[in-house]
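Have a look at the structure below, then the notes.
The values are calculated or read from the model by the stated rules, or taken from the named source; none is laboratory data. This one's a predicted model, so the numbers in the text were calculated from it and none came from an experiment. All Cβ positions, glycine included, derive from the backbone under ideal geometry; neighbour counts span all protein chains shown.
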Amino acid sequence: MNFQVTVLKILVSYPDGFALMADLKRDMVILATSGRDWADRTKRLAARMPNLDIFSQGLVERSNGGWRITEKGRSILATMEARPSGEATRGDSGGVEVPPAGSGPRLPASVRLGRTNRRQRRRAARERARAKAS
């Protein structure tokens, strides 16, 4: 189930909703190794749609060496990501209290800089991989 939610999330992030298999695999590896919070998030989303099957339900179609998310897939993902009305009124987000923006101490500059550098390296690696694939 987490795999299928991850595929939907990856495909929806591409401008036209289409990704080559190499791009999908690379993005899956990045997300799978990104930490526990990604796995927890996909489990929560999958729990909202227990019988999810991206291919038999027509949410994703295979074409030209890759996968493309359909409009139905986009709407199902939006439904899964929408907060239930009870959750929005209670103000809790899965038991984790999220502090308002701007409160709490800021991260040290060295940590922020490290994250920025990692993001730039990842972005450059993705661009190189896409250029190599085309």
Q. Does any residue of region 96-112 turn out to be in a helix (DSSP H, G or I), within 21 Å of Ser13 (Cα to Cα) and either modelled with pLDDT under 90 or under 18 Å from the mean Cα position of the chain (by Cα) (or both)?
A. no
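Any residue at all in region 5-23 that's more than 22 Å from Arg130 (Cα to Cα) and either over 13 Å from the mean Cα position of the chain (by Cα) or in a helix (DSSP H, G or I) (or both)?
yes
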Q | Tally of residues being assigned to a helix (DSSP H, G or I), among the small types (Gly, Ala, Ser) and surrounded by fewer than 15 Cβ atoms within 10 Å (Cβ to Cβ) across region 40-85 | A | 4
